[in-house]
Amino acid sequence: MIRVLVVEDQRTLADALEIAVDTQPDLDCVGAVGTVEDALALAGRQSPDVVLMDIRLPGMNGIEGTRRIMATHPRVRVLILTANTDPRLLTEAVAAGATAFLAKASTLPDILTAIRTPVEGKVLVEETSIAALAPVVLVPDLTGLTPREREILGLMGEGFAATVIAQRLVVSTHTARGHVKSVMRKLDAHTQLEAVIIATRIGLLPTPPTTS
């Protein structure tokens, strides 16, 4: 059972998300709150697996909320649900530890799929989010990225976490995690998602097409 915490100040949307989550046999909404402060308190009591986080919230915003939740609950996966595609705002969310992005205009089935994705060993990024994020990421020094690390990067670009990469390459999880960390270090990225964004920006991964 995947335990989900919704952090959304638009009550109608929050209620819809809570109902949608609770109708799924494999999902359990442990609460829907409208502020980061309430989310931090509830996360401490309910230990969610996934936090569905809006960025623009009253008081503390969702970026700082992501940072605070990740600091106290490092195993939680934060999925950003936003109507704002400002690339700098989304880049800050990546640095704070967010592992997925989804537009508020997405359908409920898409949101439910996204909620499931972080706990299945993958990282989800909407194509439009990657396109928005990529132009503002600084280009790092790429010297030393080995062929094996480029192969790892390709799998990271497909959304796979280290555990799945290990299965794909028939290596230990420890070895795969070491390669992922090395790629992140050489790309000057703090998270796997940020590494994918940087790699997209500098042409190591294909840029997803934008939709009109």
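The values are calculated or read from the model by the stated rules, or taken from the named source; none is laboratory data. Since the structure is predicted, the reported quantities are computational estimates derived from the model, not experimental observations. Cβ placement follows ideal geometry from the backbone for every residue including glycine, while neighbour counts extend to all protein chains displayed.
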Quiz prompt | Condition check for Met60: at pLDDT 90 or above, within 19 Å of Ile115 (Cα to Cα) and not small (Gly, Ala, Ser) | solution = no
Quiz item: Only one residue in Glu92, Glu126 is modelled with pLDDT under 90, in contact with a Phe, Trp or Tyr (Cβ under 7 Å, 6 or more places away or on another chain) and acidic (Asp, Glu). Which one?
Solution: Glu126
